[in-house]
Amino acid sequence: MKTLTAILVAAAIALVPVAAQDAKKIDITGTWEMTVESPQGPMLITANYKQEGETLTGTHVSEMGESPLKGTVKGVDVEYTLTIDMGGQQMSIVHKARVDGDTMKGSADIEGMGTIAFTAKRKQ
């Protein structure tokens, strides 16, 4: 019986790092360089994030100007929305990503226009 118990304990311990990675607290506060794979080619954006608990605020700065963002960070999952002005029309973009250390990978759902991929790296 001790052998079976030892095996079960060892198996449970082996699973802890996987569960801990999903549950660990991430803080993405700071400046990130983002590359968006747009239909016109790669577009560079500077993302300035401020995280307080699970609440995320900040801005995206690109050739199109500066846009505020609001969202959440839950574990390694990031989700936020920003609204950009397109010649007097407001367009919402929902970003969803997963953080892995100083990198982030995800997608941006552009209201009514489809989804595009992006990557981001924390600036040092």
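What follows is calculated from the coordinates using simple rules that are stated; it is not laboratory data. A quick note: this is a predicted structure, and the numbers were derived from the prediction, not measured. All Cβ positions, glycine included, derive from the backbone under ideal geometry; neighbour counts span all protein chains shown.
Overview of results
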quantity: Filtered GluC sites (Glu not before Pro), the stretch 18-124: DSSP coil and at most 16 other beta carbons within 10 Å; calculated: 54, 63, 111
quantity: 15 Å Cα-Cα reach of residue 74 towards aspartates and glutamates, excluding residues that sit fewer than 8 places from it in its own chain; calculated: 22, 27, 52, 54, 100
quantity: Quotient of C-alpha Rg and 2.2 N^0.38 Å, computed over the stretch 56-118; calculated: 1.13
quantity: Placed amide H near residue 75: partners under 5 Å, 5+ positions off or other chain; calculated: 26
quantity: Computed Rg/Rh of the stretch 32-92, alpha carbon atoms with Kirkwood Rh; calculated: 0.99
